Each structure stands twice: as C-alpha cells, then as structure tokens.
Protein chains: 2
Amino acid sequence: MSFAKKILLNESDMPENYYNIQADMPNPTLPPLHPGTKQPIGPEDLAPLFPMELIKQEVSKERYIEIPDEVREVYRMYRPTPLYRATNLEKMLDTPAKIYYKYEGVSPAGSHKPNTAIAQAFYNKAEGVKKLTTETGAGQWGSALSFACAQFGIDLEVYMVKISYEQKPYRKVMMNTWGAEVIASPSNKTNSGRQILEQDPNSPGSLGIAISEAVERAATSDDTKYSLGSVLNHVLMHQTVIGQEAIKQLEMTGDFPDIIIAPFGGGSNFAGIAFPFLRYNFQEGKNIRCIAVEPASCPKLTKGEFRYDFGDTVGLTPLIPMYTLGHTFVPAPIHAGGLRYHGAGAIISQLLKDKLIEAVALQQIECFEAGVKFAKAEGIIPAPEANHGIAQVIREALKAKEEGTEKTILFNLCGHGYFDMSAYQDYFAGNLVDHELTDDELYSDLRKLETPPAA
Amino acid sequence: MSFAKKILLNESDMPENYYNIQADMPNPTLPPLHPGTKQPIGPEDLAPLFPMELIKQEVSKERYIEIPDEVREVYRMYRPTPLYRATNLEKMLDTPAKIYYKYEGVSPAGSHKPNTAIAQAFYNKAEGVKKLTTETGAGQWGSALSFACAQFGIDLEVYMVKISYEQKPYRKVMMNTWGAEVIASPSNKTNSGRQILEQDPNSPGSLGIAISEAVERAATSDDTKYSLGSVLNHVLMHQTVIGQEAIKQLEMTGDFPDIIIAPFGGGSNFAGIAFPFLRYNFQEGKNIRCIAVEPASCPKLTKGEFRYDFGDTVGLTPLIPMYTLGHTFVPAPIHAGGLRYHGAGAIISQLLKDKLIEAVALQQIECFEAGVKFAKAEGIIPAPEANHGIAQVIREALKAKEEGTEKTILFNLCGHGYFDMSAYQDYFAGNLVDHELTDDELYSDLRKLETPPAA
C-alpha cells in the first residue's frame, strides 16, 4: 500500500474557473451560420433560447471564466471527484502501463452531465428564467438537468423520446423524484408534436423531434428557455472542471499522462478531461495523445465529413462547422445511447481537422467485454458509453506491454451503468451484434446535404 | 462556504481495527443454542458453514480485531466514505438542528453491505474455501458478496427468491457481471428446493427457502461455505468501520452527535454507525440517543418478544436470543425489502432489553415522503430502507425546531435507490398503502413458538 488508490482533493482545490480552450486553439472555429440567411449569427439570434451569459460564453476568447460561487456550492455535493489508479486492471492485463481514471459517476445523477446542468440552471435563474425545457433520449441528460433545476428552484419540462419513455420508466421516475415534468415526445403540447402525431399517431419519437418540441416551447414562452447537454462550446467548457482537477491529482502522484482517452458522443465527456491537458500541448510543447472513442455504428469523427450542418434532425438550429454524417443520419440502436449523435460540435471538429486530437471507432461487443473486465477488476460497473473508452484503454495498455514501454494512460469514467443493466443483460445473452456500415449506409445522408461547405 | 459540505478522510485514516462491542456491553449476550439439544453451541457446530476465524469473531470479547491488510486494500476502492453536512435539508426544514449523514452508497454495490462481504470473502479465501453460497431477496446482499468474491477470486452461488429473480432482473445481471451464478429459489439444485417444488411447482420462493438451499449446499460440499449479510455478531462488527470513520470526521467539524439514527432490518446498518459511538455512553458517561427505525409492517423491536428463536424460516439455524415476531412471520411486501426480517440478532436485542438503545416503527408513506424531500434537497435518491432513517431524522429535526434546541443528528445513509425506482414509481402513483397490524397479525406466529424463553 505504498501508493494511494484514490487520489482525493480538498473542496478548496476545486477549480475556480472554467478553462476556455478557444483562447489557446491554434486555429479558431468557423462561425455558426443562420439557417435562413447562411450568414454568421449574432447574439440576438440565440437570445430566445439561451440566457445572455451563456451566449457570451459560447463565443468568448477569454482563457478563464470564473465559476460563480452559487455553482461551486452545488458542485461541492460531489466535487472534487476522485481520481483512481486502476491497479487491479493493470494486474489483470499484466501491463507496464499506469492506468488512471477520473470517476464522474459519484454525482447524484451518476454521470458528468451535472457539471454543465448546474451551471446552466444557475445562469438561467440569475437572468430571471422560470422554466427550462430540454430533450432526453436515454435519460442521462434529463436526469442531470432535473437534479440541477431542483437545486435552483427552476421548473423543468423534459421531452423524452417516446420509445425510451416506455422502455426506461425508471429514468422518468428519477426525474420526477427531483420534481421535473417528463413528457413523452411526440406530444400534444407543441405544434411540432401535434404535426408528427397527425401523420403517425404511433410515432416512437426521436431525439430530433424531442429537440424540436423543447426548442418550440422555449421560443414561444416568455420566461422559458432551452438547455442542451453537449455539442455547444459553453457546454463543453463547463466540463473542464474534470480535467483541471485531474491535473492537480496527477501532480500528487508524480505521473503525467502520455495518453488521454474518453468516449465520444457530442464531445462533453472528451472535452472535460482532454481540453485542460491540451494546453500543455499548445503552450509547453508536450505531446499528449488525446483519443476520442466513438461507436463504429456512428463514426462521424473517423468517417464523417467536415462541413456545415444542423445540430438537430429537423433543421431548426444554426449551421455548425462539424464532422458530420448528415443531420438525418439514424445510427443503429446500440446500447450506448449517449453516443448516437450525428455530429461533433465546432471546437472538437476544428481540433480534429488540425490533427491536434485523434479519433477511433470501436464495435460494441469489444466495448462490453472491456466493461465486464473493468467491473471484475475495479468494482465499478461502467455505463455503456464509458465502456468505449475502457476498450481503447485496454488496447493501449496491451500495446504498451507488447512494446515494453511504460505509458501513463488517463481516462474519464463518465458514469456508472446502474441504469443500463438491460444492455449488460443483452450482452450476456449474446444478443448484441456488431455491424460494419456499408458506404451506402454511411454516406447516403451526407450526399443529401445542401448546407454550405466549411472552408 | 465557511464550512465543509463533505468531510473527507485520507486513506491513512481508515480504521485499522473492527470495534467489538461485546467487550463493552454492560450485560453480555445469551449464548446461541443448538436447535436439537437446546444446549449452547460450540465452534464445531458452526464449522461446516463458516471459516474458523469468523466463528472466533462471533464469540470474541476482544475490544479490537485487526482488519487484515488484504481487506483494507479492497476497502480503499470506496473507503473512507464521505460524511456530509445536510445543509440543504436543514434549510428546507428551517431547523436549528445540525444534520450529518455518512454516505455508504459510494461502494461499488451501492450500499454498506460490502463492508462485511469483503471481510467474509477474505477470511474464507484465507482458509482455502473455493466457493461461497448465500441467499438474497431484493438483491443488495447478493450484489455486495458478488463484488467481494470477484475481488478474491472465489466462486459464488446466490439463491435469489424466485419472485425477486423475475421482478428484479437487473440485480441478477449486476451479480452476473461480477461473475456470480444466480439461481432462482426454489431450485432443483438442492433437496430443500426439490421438496418445495414437488409440493408447489409454481412456488414464488421466500427468503427462508433460499437460506435453506444456500445452507444445504454449503453443508454438503467440502470446499464450500455459507455467508450471511446481517444479524450475526461478526457481520455487525465488520460494519463498525462506518462509525469509527464518522467519529474522526465529526471531530474535524467540532460537533458531537446528540442523536444517531439508522434504519433497522437485521441490524448491520444500525450497528455500523451506532456501536462505535455507544462506547462513549458506556465508558465516558455520554448520553447519545441511538434510534433504530423499523418498518411498521415488521415491528420486531417495538412489538416483538425477547426470546430464543430461529434465524431462518425453516428452523435449521441455531436458536438465537432475539426480539422476534416468530420465525414464520411473513411481513407485508413493503418496498424496503432489506427491512423485512422477523428478528433482531443477539447484541442488538440485549442492548434494547437493557434500554441502551431506542427503537421506533414507521409507516412507509411517511418514509417515501421523507426520501423525496431528501432527494430534492441533497441530490442523492436514497434506498427505500434508508428512507426510514431519514423520516425519523426529519421528525427529530422538527422537534428540535419546535423546542428551539440545537441538536446534532447523525444518520447512516446506507445506500442509494438507483435499483429501487419502481418503489418510487409506486409511491408517485399513489399505490403505496400503510397498514396498522392487528394483534392477530402481529402475534399469531409468536404464539406458535415452542422455542425456549430467553432468561
């Protein structure tokens, strides 16, 4: 017991600022465009949906943005989160690599999502917003925002994809427990919902439809705004508390990462752990490899195209410069619901285009195998999303063994799998399938795109 | 932010010994009796079921029993656990009371149960045991032991009450993920199971039947032993790491508890938090009120009789001096599965008889109301068992407000409710009912008892 298994920080070591990577990127992101005029949008275009402070953060070039005391106060419920040395996994793999993981599953909602949910709830509350709307698929994001809204006394309407609403009743109950109203989408509460229901009364819903409903409700109510759980610059920035804490924690061990790994859906998990470390690459000549791991069923980073595209399926949002498979791309229903998103957000896409980060796509069976290994060794049963990161960690650790090199690997264990046991059940029953996408499946949505190229 | 929300300890502050309250009890417990001879049992009677070290611990009068390094090594995965100041709940209740809670839900299995599961797995492994058997109802205990057995490379057979096996498939998958074999009980693997199935092929099972199957398997196999998650002296003692840590953590705040509260099923939760503090009462003249909270549907402490009774329904175990409702008592299917046990274990029963601890019985709706309040205030959604403790905390905090006294209340939040959302669903749907037991419902099983009185 010569080393610490958990590396803990005091509350006083919790970051005081968000780190804004836009201050340090070698090439800035391209501007988002208005979906109608195709011209760069201004703050007034976003004002119906977001409070002004978040709109400012979205385009800020300030390196540090102070975390309000009220937000830090709620963070203290679970932050600083522990950094673990995965000693048992190292032994199981017989690798010379040192493996560390930051564990965000200790938050009340069980994932990293509250890091931005709390901030967004606070900034909305501060500007007099009475109610937020949002969408949720698998339920992670809706749960996090429900928890955060309860903390600040804001109402919340969650539009939950109807098929998830029916298949995942416990996620709904969790949101109810924190006081949120959960509505199966498509619903009769919005024009968008009613339109869909007229065409198909039995529509199972989709994330795209749920976004449309949530956005419509916010746009048409005075004291209601909309909240998103990933993709946007300010959302990714709020997650940088993860990496900033990890920097302090690794300093306590004397180790420094050679490789940083995180699963990739919309980018908030990856940004949270990787962005604060990328500064060492940009400013101190370090060469940390930062690897985003996406599911092979939705490979926008490894097989998508860098161009302007919509953030939602229906095409209501601004056009964002992104690696995308096309906003109408519908990935196979794999069990990592949080990774089934067609595009990547402006910052991540620019970094990938500039070859400052790496990406890899993995099949789901390898990921579940990795997750079960991890659970047996380290005790924590990871969320299916997190398993994607773990599978890549195992690949790198075995490579280090083969090469006889001692690497230090850091990954973000973004959440536990307590609400995803049905996915493990399918895995054990042999019901999961891997599927290599054909060119037609991959590119037919991209070919239909009429949005402007990203120059 | 002048005070800490979370009071954390370093790994080096983790207890080095279990605290054995048998060294300090004013009156010792009465001895367990052989079910056949009705004479006090000796170690040899227990040897087929338990390793010798645990049999020794069961009767030891040593004040401290050293925690082996190998056990502490696994504890480090989640221990020391945080102590929280429930500032938001205090505000919500507008009480002058200070409320602290120790949070055991951070363990991989999500409850305090691994504290003894890890120790039991280790001691069995150390004596060459290859496989353990156990029973589980709701699944908390089975999960904890599955996790622990994975850590020490021991096989595990869990006999899971068939109706739970069918209604709670995710608990089963959790145990499978850690490598345990889970068998619906009654099963064809044992004589006991086959007997039951012959009489009733559709038997939904019961904890009593599951115990019989697990005990039979252990008793009839050379390298297999049996493991229990509560009630027994050594099991309760392993939980005292909770209270020992809480003592150090409260020292850091300058506060000392006036009242300690924990839910009560078999006693492991209550013992864990209360026993180390009771030493201050026994040896330093302090007067901490320690309150065990049981469900009104299973009120052995408040309405049971102190006498010898069996630990299991079938009547295979030694006779234990206990507050009991009779070993054939079947409580209503309330949603706190972990509290539905007919008796209380020897130490707790002696302490209650000697009026050194208090007990109270609460109806479940009040408990769920309390749990939802707690979730909104403090973020964590508690297990239904834990809600019983929280309801009593709220009663005491409101009483302090009424009386204008500043009390310090400490309670053990033994686990989270992520696997119990169906219970919350029933609560929100108005499907929970409270029920005042009639004398006939309460005492008819007791009247049938032919076991010896406890003198």
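Is the shape of the range A:98-201 rounded, prolate or oblate, going by the alpha carbon gyration tensor and its root eigenvalues a ≥ b ≥ c, with a/c under 1.5 for rounded and a/b larger than b/c for prolate?
Since a/c reaches 1.5 but b/c is at least a/b, the shape of the range A:98-201 is classed as oblate.
Could you work out how far the C-alpha centroid of the range A:33-50 sits from that of the range B:378-395, in angstrom?
Value for the Cα centre distance between the two parts: 47 Å.
Can you give the average number of partner chain beta-carbon atoms within 10 Å of each beta-carbon in peptide A:5-12, as a whole number?
Mean partner shielding for this stretch: 5.
Once Rh is set to the Kirkwood radius over Cα pairs, what Stokes-Einstein translational diffusion coefficient, in µm²/s, holds for the range B:323-455 at a temperature of 20 °C and a viscosity of 1.002 mPa s?
127
Other chains near A:80-86: what is the mean number of their Cβ atoms within 10 Å of each residue's Cβ?
1
Taking both sides together, what accessible area is buried at the B/A interface, probe 1.4 Å, expressed in Å² and rounded to the nearest 100?
The buried area between B and A, both sides summed, comes to about 4000 Å².
Go through B:270, A:391, A:282 and say which Cα lies farthest out towards the positive end of the charge dipole of the protein assembly as shown; charges sit on Cβ, +1 for Lys and Arg, -1 for Asp and Glu.
A:282
Report, in whole Å, the centroid distance computed from the Cα atoms of the range B:110-166 and the range A:152-187.
Here the answer is 35 Å between Cα centres.
Using every pair of alpha-carbon atoms in the range A:273-336, split the distances into 5 Å bins beginning at 0 and state the percent of pairs per bin, rounded to integers.
4, 16, 17, 16, 17, 16, 9, 5, 1
How much space per residue, in cubic angstrom, does the convex hull of the C-alpha atoms of the range A:26-117 take up?
Once divided by residue count, the hull of the range A:26-117 is 199 Å³.
Find how many whole Å separate the alpha carbon centroid of the range A:301-371 from the alpha carbon centroid of the range B:400-419.
Result: 46 Å between the Cα centres.
Got a sec to turn the phi values of the range B:307-312 into Karplus ³J(HN,Hα) couplings, 6.51 cos²θ - 1.76 cosθ + 1.60 with θ = phi - 60°, whole Hz, x for Gly and Pro?
Once θ is set to phi - 60°, the couplings for the range B:307-312 become 6, 6, 8, 6, x, 10 Hz.
What stretch of chain B, leaving out the sites themselves, is the longest with no trypsin sites (Lys or Arg not before Pro) in a DSSP loop having at most 14 other Cβ atoms within 10 Å?
My reading of the result: B:131-285 is the longest stretch.
Taking the simple approach of a point 7 Å from Cα along Cα-to-Cβ for both residue B:63 and residue A:62, what is their distance in nm?
5.8
So what is the relative contact order for the range A:178-246, in percent, with contacts set as C-alpha pairs under 8 Å and at least six apart?
The normalised contact order for the range A:178-246 reaches 21 percent.
Nm distances between the label at residue B:365 and the same-position labels in the remaining copies, 7 Å along Cα→Cβ, shortest first?
Its label point is 5.2 nm from the equivalent points in the other copies.
Hey, what does the equivalent ellipsoid look like for the range A:313-385, semi-axes from the Cα gyration tensor as sqrt of 5 times each eigenvalue, largest first, whole Å?
They are 29, 16, 10 Å, listed largest first.
What does the charge add up to near residue A:328, with Lys and Arg as +1, Asp and Glu as -1, over the other residues with Cβ less than 9 Å from its Cβ?
Values: positive: A:448; negative: A:445.
With Lys, Arg at +1 and Asp, Glu at -1, the net is 0.
Which lysines, on any chain, are close to residue B:6 with Cα under 18 Å apart, when same-chain ones fewer than 8 places away are left out?
The reachable lysines, counting only those whose Cα sits under 18 Å from residue B:6, are A:6, B:91, B:98, B:102, B:248, B:376.
In terms of modelled amide H atoms, which long-range or inter-chain residues lie less than 5 Å from the amide H of residue A:265?
Hits under the 5 Å cutoff: A:270.
Along each of its three principal axes, how wide is the spread of alpha-carbon positions in the range B:135-266, in whole angstrom units, largest first?
Between the extreme Cα coordinates on each principal axis of the range B:135-266 lie 61, 29, 28 Å.
How well do other chains shield peptide B:167-177, expressed as the mean number of their Cβ atoms within 10 Å of each residue Cβ? Mind showing how you got there, number by number?
Numbers: counts 0, 1, 3, 9, 1, 3, 12, 7, 0, 6, 13.
Partner Cβ neighbours, averaged per residue: 5.
Got the residue A:318 label distances to the other copies yet, label 7 Å along Cα→Cβ, in nm, shortest first?
Taking the point 7 Å beyond Cα along Cα→Cβ, the inter-copy spacings are 7.3 nm.
First select every other residue whose beta carbon is under 11 angstrom from the beta carbon of residue A:165; then total the charges, Lys and Arg +1, Asp and Glu -1.
It works out to a net charge of +3.
Would you work out the charge dipole size for chain A about its Cα centre, treating the Cβ of every Lys and Arg as +1 and the Cβ of every Asp and Glu as -1, and quote it to the nearest 20 debye?
Using only the charged Cβ atoms, the result is roughly 520 debye.
Tell me which A residue has its C-beta closest to the axis rotating A onto B, and the distance in Å?
So the chain A residue sitting closest to the axis is A:418, 2.
Keeping all protein chains in place, calculate the accessible area per residue for the protein assembly as shown (probe 1.4 angstrom), answer in Å².
Computed with neighbouring chains in place, this is 35 Å² per residue.
Over the C-alpha atoms of the range A:1-160, what are the Rg and the largest Cα-to-Cα span, Dmax, in Å?
Rg then Dmax for the range A:1-160, in Å: 19.2, 63.
What percent do you get for the relative contact order of the range B:106-173 when only Cα pairs under 8 Å and 6+ apart count? Numbers along the way, then the final one.
On the way: 77 pairs, mean separation 25.3, N = 68.
After rounding, I find 37 percent.
How would you order B:204-214, B:110-120 from highest to lowest mean count of nearby Cβ atoms within 10 Å?
Output ranking for B:204-214, B:110-120: B:110-120, B:204-214.
Could you please state how large a percent of the accessible area of chain A is carbon and sulfur, counting protein chains only and using a 1.4 Å probe?
Carbon and sulfur atoms account for 49 percent of the accessible area of chain A.
Got the relative contact order for chain A handy, in percent, Cα pairs under 8 Å and 6 or more residues apart?
For chain A, the relative contact order is 19 percent.
Taking N as the number of residues in the protein assembly as shown, what is its alpha-carbon radius of gyration divided by 2.2 N^0.38 Å?
Here the answer is 0.95, to two decimals.
Report, to two decimal places, the Cα Rg of the range A:208-256 normalised by 2.2 N^0.38 Å (N = number of residues).
Numbers: Rg = 17.9 Å, N = 49, 2.2 N^0.38 = 9.7 Å.
Here the Cα radius of gyration is 1.85 times the empirical estimate.
Treating the point 7 Å from Cα along Cα-beta-carbon as the label, what are the nm separations from residue A:287 to the other copies, to one decimal?
Reported distances to equivalent positions: 7.3 nm.
What list of ³J(HN,Hα) couplings, whole Hz, do you get for the range B:270-285 from phi and the Karplus terms 6.51, -1.76, 1.60, once you set θ to phi - 60° and write x for glycine and proline?
Rounded to whole hertz, the list is 4, 4, x, 8, 8, 4, x, 7, 4, 4, 5, 5, 6, 10, 10, x.
Antiparallel as a % of all DSSP beta bridges within the protein assembly as shown, to the nearest 5?
40
Which semi-axes, in whole Å and largest first, does the equivalent ellipsoid of chain B have when worked out from the alpha carbon gyration tensor as the square roots of 5 times its eigenvalues?
Largest first, chain B gives 32, 24, 23 Å.
Report, in debye and to the nearest 20, how large the dipole of the range B:317-455 comes out about its Cα centre when Lys and Arg carry +1 and Asp and Glu carry -1 on their Cβ.
300
Of all DSSP beta bridges in chain B, what percent run antiparallel (nearest 5)?
40
Name the residue farthest towards the positive end of the dipole of the protein assembly as shown from the options B:333, B:139, B:228, assuming +1 on Cβ of Lys and Arg, -1 on Cβ of Asp and Glu, about the Cα centre.
B:228
The values are calculated or read from the model by the stated rules, or taken from the named source; none is laboratory data. Being a predicted model, the structure only gives us computed values, none of them experimental. As a convention, Cβ positions derive from the backbone with ideal geometry for all residues, glycine included, and neighbour counts pool all protein chains shown. These accessible areas exclude ligands, DNA and RNA; they are computed on the full protein's heavy atoms, side chains included. Shrake-Rupley method; radii C 1.70, N 1.55, O 1.52, S 1.80 Å.
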